[in-house]
Amino acid sequence: MNSVYHTELSSHEETRCQFNGGRCAIKLGIDVHQDFYVVVTQEGGSNPKPPQRFCKEAFLHWAAKLKSTSGAEVYAVYEACGFGFSLQRQLSALCIQCYVVCPQKLDEANKRVKTDGLDAKALCLRLDRFVQGNRDALAIVRVPSEEEERSRAIHRQREQLVKVRKQIEAQGRSLMINHGLEPMQQWWKERTFSKLPLPGWMKELLGNTQPILIALQQKIAALTLQLQSAASAEQPRGLGKMTSVVIDREIGDWHRFNNRRQIASYTGLCPGEYSSGNTRIQSCVTKHGNPRLRAALVELAWRMVRFQPHYRGVRKWKERLANGALTTGAARKKAIVALARQLAVDLWRIRTSRLTQKQLGLEI
């Protein structure tokens with residue numbers, strides 16, 4: 001394990017640094033793993049130092065001592081990963097400005113060489129450009145509050161339970177089909193299961209998973225009731241309590257978007273584009289952003305077509321989305337994506353009190 005690194009600045013470096021009250025800022029590029037961190041340090045505008053490897057506890061101790069002994073501003077950056085935002089919160093508690101960025105290809109020269117040290121160095125160099133004023137050097141991820149994470153974990157767990165229930169239910173139907181029997185939907189429900197015309201051995205196998213499915217359904221129903229009770233009373237017709245809660249909790253803070261372009265971009269429902277010279281090609285949606293939010297908005301858009309015929313977005317795309325419309329399936333999909341994008345913008349206007357539901361043509 002590397003010893004604690006003490007920052008020492010030469011008089012020439014102190015003269016060269018003009019920011020942070022006459023002291024050089026220190027940048028940390030961190031490659032995060034479950035059991036250890038690989039860190040590359042850069043002081044001011046000097047070359048990055050060789051990578052160092054720390055266990056979690058040792059790194060926090062090292063970072064705290066670096067902050068206290070150097071007297072300089074310390075910045076850190078790491079890629080968003082499956083380990084959450086705990087490291088960002090721990091470093092922020094040490095008065096270290098920590099950024100979380102989107103995962104991306106760090107091998108800009110395409111050398112096809114990837115190591116933890118090279119990744120940490122690339123992050124450190126991008127952080128250096130960001131600190132010096134190049135705001136495009138990092139694609140920063142918003143760090144949600146702990147309360148926001150707790151609230152959205154509820155509907156995400158419900159989503160996971162529904163997925164597991166469907167998988168086990170499908171396995172039971174597959175067993176019936178493999179032996180030439182007619183499959184039955186929701187075969188695991190008590191009344192249906194008692195009347196299944198199956199051989200004894202097969203019913204015994206299905207009986208092993210039936211209690212699991214019943215327990216899963218009970219948990220799903222309880223979580224559904226909990227989420228629906230958290231929805232506001234006055235909702236546009238067709239929005240639905242569950243969908244409303246999912247959209248609000250996935251967004252977190254509606255006020256963090258300054259204009260309609262930002263909220264539309266966050267949904268990932270904007271078309272991709274390839275433009276060069278006189279050529280301009282718009283491709284499929286970027287799918288950049290929150291996939292759960294995107295799925296909820298598309299589902300909501302189909303309901304708006306049925307329950308909100310006077311909504312301006314529905315009127316705009318009525319010719320393509322109406323029942324019996326002479327249009328292709330691809331054209332209908334493009335129209336519903338455009339409607340879902342418009343819904344996201346209008347929900348942002350409602351939640352931030354820019355417009356009312358009545359002004360948008362939504363019926364309560």
**Inverse of mean 1/r across different Cα pairs in the range 239-292, Kirkwood, Å** = 12.9
**Request:** For the range 133-193, report the translational diffusion coefficient in µm²/s to the nearest whole number, using Stokes-Einstein at 37 °C, 0.692 mPa s, and a Kirkwood Rh over Cα pairs.
**Result:** 210
**Request:** Sort Lys333, Lys203 by accessible area with a 1.4 Å probe, largest first.
**Result:** Lys333, Lys203
**Complete:** Summing +1 per Lys or Arg and -1 per Asp or Glu among the other residues with Cβ less than 11 Å from Ala322's Cβ gives +4
**Prompt:** Quick one: accessible area per residue over the chain, 1.4 Å probe, rounded to a whole number of Å²?
**Reply:** 58
**Message:** Let me spell out the model: positive unit charges on the Cβ of Lys and Arg, negative unit charges on the Cβ of Asp and Glu, origin at the Cα centre of the chain. What dipole size does that give, in debye rounded to 20?
**Reply:** 1720
**Asked** Using the alpha-carbon atoms, what tilt in degrees (0 to 90, nearest 10) does helix 200-229 show relative to the longest principal axis of the chain?
**Response** 70
**Message:** Just to be sure I understand: with springs between alpha-carbon atoms less than 10 Å apart, which residue in Leu198, Leu28, Leu161 has the highest mean-square fluctuation in the Gaussian network model of the chain?
**Reply:** Leu198
**Asked** Which of the lysines could a cross-linker bridge to Lys358, judged by Cα under 18 Å and excluding same-chain residues fewer than eight apart?
**Response** Lys316
**Alpha-carbon Rg with Dmax, taken over the range 59-131, Å** = 13.3, 39
**Fill in**
Looking only at lysines whose Cα falls under 18 Å of Lys67's and that sit 8 or more positions away or on another chain, we get Lys27, Lys49, Lys56
**Gaussian network model of the chain, springs between alpha carbon atoms under 10 Å - residue of Thr279, Thr243, Thr224 with greatest fluctuation** = Thr279
**Helix 241-251 vs. the chain, principal-axis angle (Cα, 0 to 90°, nearest 10)** = 10
**Asked** GNM on the chain, C-alpha springs below 10 Å: top fluctuator among Pro291, Pro144, Pro197?
**Response** Pro197
**Cα convex hull volume per residue for the range 25-162 (Å³)** = 136
**Message:** Is there a quick way to get the dipole size of the range 255-331? I mean about its Cα centre, with the Cβ of Lys and Arg at +1 and of Asp and Glu at -1; what is the value in debye to the nearest 20?
**Reply:** 280
**Item:** Principal axis dimensions, largest first and in whole angstrom, of the range 275-364 by Cα
**Value:** 45, 35, 27
**Asked** Put +1 on the Cβ of every Lys and Arg and -1 on every Asp and Glu Cβ in the chain; which of Leu355, Met202, Val141 then has its Cα farthest towards the positive end of the dipole?
**Response** Leu355
**Message:** Please compute the volume of the convex hull spanned by the alpha-carbon atoms of the chain and report it per residue in Å³.
**Reply:** 244
**Prompt:** For Lys219, which lysines qualify as cross-link partners when the Cα separation must be under 27 Å and same-chain residues fewer than eight apart are set aside?
**Reply:** Lys163, Lys166, Lys189, Lys195, Lys203, Lys241
**Item:** Cα coordinate range in the range 82-170, projected on the principal axes (Å, largest first)
**Value:** 52, 36, 21
**Prompt:** If we restrict to alpha carbons, what Rg and Dmax does the range 310-358 come to, in Å?
**Reply:** 12.6, 38
**Request:** Using a 1.4 Å probe and ignoring any ligands, DNA or RNA, find the accessible area of His33 and quote it in Å² to the nearest 10.
**Result:** 60
**Request:** Leaving ligands, DNA and RNA out of it, rank Tyr75, Tyr311, Tyr274 by accessible area with a 1.4 Å probe, largest first.
**Result:** Tyr274, Tyr75, Tyr311
**Request:** Could you state the orientation-averaged shadow area of the convex hull built on the Cα atoms of the range 136-239, in nm² to one decimal?
**Result:** 11.8
**Accessible surface of the range 172-268 [probe 1.4 Å, protein heavy atoms]: carbon and sulfur percent** = 51
**Fill in**
Answer in debye to the nearest 20: the dipole magnitude of the range 43-153 about its Cα centre, from +1 Lys/Arg and -1 Asp/Glu charges placed on Cβ, is 260
**Complete:** Descending accessible area (1.4 Å probe), largest on the left, turns Arg280, Arg303, Arg191, Arg142 into Arg191, Arg280, Arg142, Arg303
**Asked** In degrees between 0 and 90, to the nearest 10, how far off the longest principal axis of the chain does helix 56-70 point, with axes built from Cα atoms?
**Response** 40
**Message:** Could you give me D for the range 211-364, from Stokes-Einstein at 10 °C and 1.306 mPa s, where the hydrodynamic radius is the Kirkwood radius over C-alpha pairs? Units µm² s⁻¹, please.
**Reply:** 94
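The values are calculated or read from the model by the stated rules, or taken from the named source; none is laboratory data. Note that this is a predicted model, so its numbers are computed, not measured. Here Cβ is always computed from backbone atoms with ideal geometry, including for glycine, and neighbour counts include all displayed protein chains. Surface accessibility is based on the protein's heavy atoms, side chains included, excluding ligands, DNA and RNA. Shrake-Rupley method; radii C 1.70, N 1.55, O 1.52, S 1.80 Å.
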